[in-house]
Amino acid sequence: MPDPTVVRLAGVDKIFGRGDAPVTTALQSIDLEIARGEFVSLIGPSGCGKSTLLRIIGDLTPPSAGDAIVNGKPAAQARRDRDYGMVFQAPVLMDWRTVEDNVKLPLEVLGWDAGRRSARAGEMLQLMELGDFLHHHPYQLSGGMQQRVAIARALAFEPALLLMDEPFGALDEMTRERMNSEVLRIWERTGTTVVFVTHSIPEAVFLSSRVVVMSARPGRITKVIDIDLPRPRTDLTRESARYFELVTAVREELRRGGGLGTDAGSGSLARTLAEGAVG
Amino acid sequence: MAAFGSGETRPASARARFGIGRRRQVLLLVAFVVVLVLLWEGVKFLGGVPWRALGTGPQGPVIHNPPFRWPLASDLNLPHIWNIVLVLFQPFQRGSDVTVMAHVVDAALYTWREAAIGFVLGAFIGLALATAFVHSRLLERAFVPYVIASQTIPIIALAPMIVFAFGQSVISVVIIATYLTFFPVTIAMIRGLRSFDPRAMELMQSYAASTWQTYVKLRLPASLPYLFTALKIAATASIVGAIVGEGPGGVADGLGRVIITYNQYYITGPEKLWATILITALLGIAFFLLIRGLEVLTLRARPSAASG
């Protein structure tokens with residue numbers, strides 16, 4: 001049995017700005033371990049560095065100090081070994097490729113042969129319930145469908161780790177809830193470890209096995225909250241008393257860290273209100 | 001589609017809208033030509049030289065006598081459009097059974113072949129240069145100023161030098177066409193090869209894709225709209241280059257020689273030069289439309305490709 005720790009962050013700092021530019025400490029002494037098969041959410045106000053932390057895990061930006069170890073290797077090596085799949089806030093689909101060809105993209109880079117690529121892309125899109133849209137182009141799909149294509153693409157080569165950076169931030173609340181259930185279904189099916197950055201407290205609680213609460217300036221981990229809601233989680237989970245308790249616990253922790261009243265809470269409240277008004 | 005309701009796809013009405021736009025475009029073009037002809041003949045009607053109208057009246061042939069005499073509207077400066085059309089069907093030389101149209105179209109096709117070779121060469125050179133420049137800031141800083149400087153030299157000055165170096169032949173003409181083509185492609189592609197979505201670049205990074213894979217799967221496809229914009233400019237530029245080059249290049253079979261010849265005989269037959277200009281313009285438009293067609297075909301999957 002290999003090391004059950006998929007992500008190990010030790011003393012990670014990230015400082016932006018060099019020379020005469022003003023220096024911002026985006027992340028300060030971050031220690032975090034994520035075990036195989038976990039679903040961990042990073043939540044915090046804007047500017048708390050949660051996206052930066054995700055990018056450090058994915059070796060898309062280097063830490064200023066400390067170590068990022070993924071699958072027992074330095075993050076850079078893990079990236080070269082294609083140990084993780086990435087989903088951004090925007091789907092980032094290539095509009096000149098069909099849905100199917102978008103999912104095939106990483107497989108082409110990995111040098112899979114054509115037959116295997118087609119089989120896997122079809123399988124993944126079937127899993128995301130996009131089987132009827134193989135030959136559509138991205139602009140013909142809704143935002144939620146596009147994001148599902150992005151998830152299919154990220155999972156196509158079966159990475160050990162899935163990194164998701166506010167993947168549903170641009171979706172309306174209804175679609176977001178549906179996508180949350182969808183992600184859980186896939187996670188339960190594939191057993192992939194997920195690190196999930198979000199602004200939304202309900203989303204973090206609904207999805208996660210642990211919620212990592214962060215505070216801003218400098219970005220620190222203030223608390224890690226275990227989410228002991230039973231699985232499989234369904235729409236009923238969202239109505240359970242324990243769910244509300246945990247949502248409250250996360251909210252209070254964010255408030256203590258200065259998160260609410262500035263960005264995250266008011267932001268999501270304003271968003272909810274705005275969507276209500278528009279819808 | 002079990003968990004997600006239908007109606008999630010957007011209606012693909014782009015094609016329908018595109019069709020309507022196409023019809024309107026054609027109508028607009030026809031209207032433009034009609035207005036131009038009316039304006040042209042209107043000026044001659046008001047200030048041209050008297051002419052005999054078609055048909056006869058009760059007192060013999062009807063002569064139209066314009067109220068003014070504008071030098072600009074003389075038959076030398078502004079021949080009647082019907083005479084320009086008619087001259088197309090006359091022999092291009094006394095006693096020949098080859099019409100002006102056949103003669104000029106032949107020359108146009110010859111010139112087009114030179115231009116097309118120069119165009120393809122220029123496009124590849126431009127692409128190669130831009131590729132080098134976007135991968136190396138050093139090369140970009142060192143050589144882009146020279147690329148720009150190269151275009152400040154008038155082609156009239158440069159053409160004799162090229163002919164001197166490569167001899168009086170089609171090769172020189174092709175080189176001149178190439179020279180006019182590579183520049184817009186280089187400049188556009190420096191931009192185009194950097195026009196990718198930066199997040200898509202991170203995606204490629206997350207796959208640990210090689211520079212080549214990133215180039216082929218991201219940079220190049222993302223740059224195609226820029227490439228086609230440049231190619232449309234280059235298509236017409238290459239024809240101009242070839243025509244201009246044919247003079248010093250000593251190429252007798254192309255439009256360059258036809259234009260020079262009809263220029264020399266302009267006093268005796270201005271319609272021939274006008275007819276040649278007409279066919280030259282049609283050649284340029286045809287080349288442009290060919291590239292435009294390729295563009296529509298290549299970019300049809302992209303939502304913004306219908307415009308332009």
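Since every read-out is calculated from the coordinates, none of them should be taken as a lab result. All of these numbers come straight from a predicted model, not from anything done at the bench. Reconstructed Cβ throughout: ideal geometry from the backbone, glycine too, with neighbour counts over all protein chains shown.
Which percent of Cα-Cα pairs in the range B:237-292 sits in each 5 Å bin, short to long?
Reading upward from the zero bin: 5, 19, 25, 24, 17, 8, 2, 1.
To the nearest whole number, what is the average tally of beta carbon atoms from other chains within 10 Å of the beta carbons of peptide A:134-142?
4
At a Cα cut-off below 17 Å, give the aspartates and glutamates reachable from B:Lys44, other chains included and same-chain residues fewer than 8 away excluded.
B:Asp75, B:Glu271
Please report, in whole Å³, the volume per residue of the convex hull around the C-alpha atoms of chain B.
215
Considering the dipole of the protein assembly as shown built from charges on the beta carbon (Lys and Arg +1, Asp and Glu -1) around the Cα centre, which of B:Ser223, B:Thr152, B:Leu138 is farthest to its positive end?
B:Thr152
Between B:Val105 and A:Arg255, take the C-beta separation as r, use R0 = 60 Å, and let me know the FRET efficiency to the nearest 0.05.
So, using R0 = 60 Å, E works out to roughly 0.15.
Per the helix-only calculation at 222 nm, which mean residue ellipticity applies to chain B, given -39500 (n - 2.57) for every DSSP H run of n ≥ 4 and division by its residues, nearest 500 deg cm²/dmol?
Using -39500 (n - 2.57) per qualifying helix, the result is -23000 deg cm²/dmol.
Could the peptides B:227-235, A:220-228 be put in order, highest first, of the mean number of other beta-carbon atoms found within 10 Å of their residues?
B:227-235, A:220-228
For A:Lys104, which lysines qualify as cross-link partners when the Cα separation must be under 17 Å and same-chain residues fewer than eight apart are set aside?
B:Lys217
From the P(r) of the range A:158-238, could you give the percentage of C-alpha pairs in the tail past 21 Å?
Summing the P(r) tail past 21 Å for the range A:158-238 gives 28 percent.
What is the distance in Å between the Cα centroid of the range B:230-308 and that of the range A:225-258?
70
Can you give the charge dipole size of the protein assembly as shown about its Cα centre, rounded to the nearest 20 debye, using +1 on the beta carbon of Lys and Arg and -1 on the beta carbon of Asp and Glu?
Value, rounded to 20: 820 debye.
What residue among A:Gly144, A:Ala170, A:Thr190 has its Cα farthest toward the positive end of the dipole of the range A:127-218, where the charges are +1 on Lys, Arg and -1 on Asp, Glu, each on the Cβ?
Checking the options against the dipole of the range A:127-218, the answer is A:Thr190.
Quick one: which residues, 5 or more positions from A:Val197 or on another chain, have an amide H under 5 Å from its amide H? H modelled 1.01 Å from N in the peptide plane, none for Pro or chain starts.
Here the answer is A:Leu42, A:Met164, A:Asp165, A:Glu166, since their amide H atoms fall under 5 Å of that of A:Val197.
How shielded is B:207-214 by partner chains, expressed as the average number of their Cβ atoms within 10 Å of its Cβ atoms?
Averaged over the peptide's residues, the number is 5.
Sorted from largest to smallest, which semi-axis lengths in Å does the alpha carbon gyration tensor of the protein assembly as shown give for its equivalent ellipsoid, taking the root of 5 times each eigenvalue?
66, 28, 21
With only Lys, Arg, Asp and Glu charged, each at its Cβ (+1 for the first two, -1 for the last two), find how big the charge dipole of the range B:72-219 is about the Cα centre; round to the nearest 20 debye.
That gives the range B:72-219 a dipole magnitude of about 620 debye.
Give the angle, between 0 and 90 degrees and rounded to the nearest 10, that separates the Cα long axis of helix B:155-166 from the longest principal axis of the Cα atoms of chain B.
Taking Cα atoms only, the helix is inclined about 80 degrees.
Over all Cα pairs of the range A:73-213, how is the pair count split among 5 Å bins, expressed in % and running from 0 up to the last occupied bin?
2, 10, 20, 23, 22, 14, 7, 2, 0
Which value, in nm² and rounded to one decimal, describes the direction-averaged projected area of the C-alpha convex hull of chain A?
For the Cα atoms of chain A, the hull's average projected area reads 16.0 nm².
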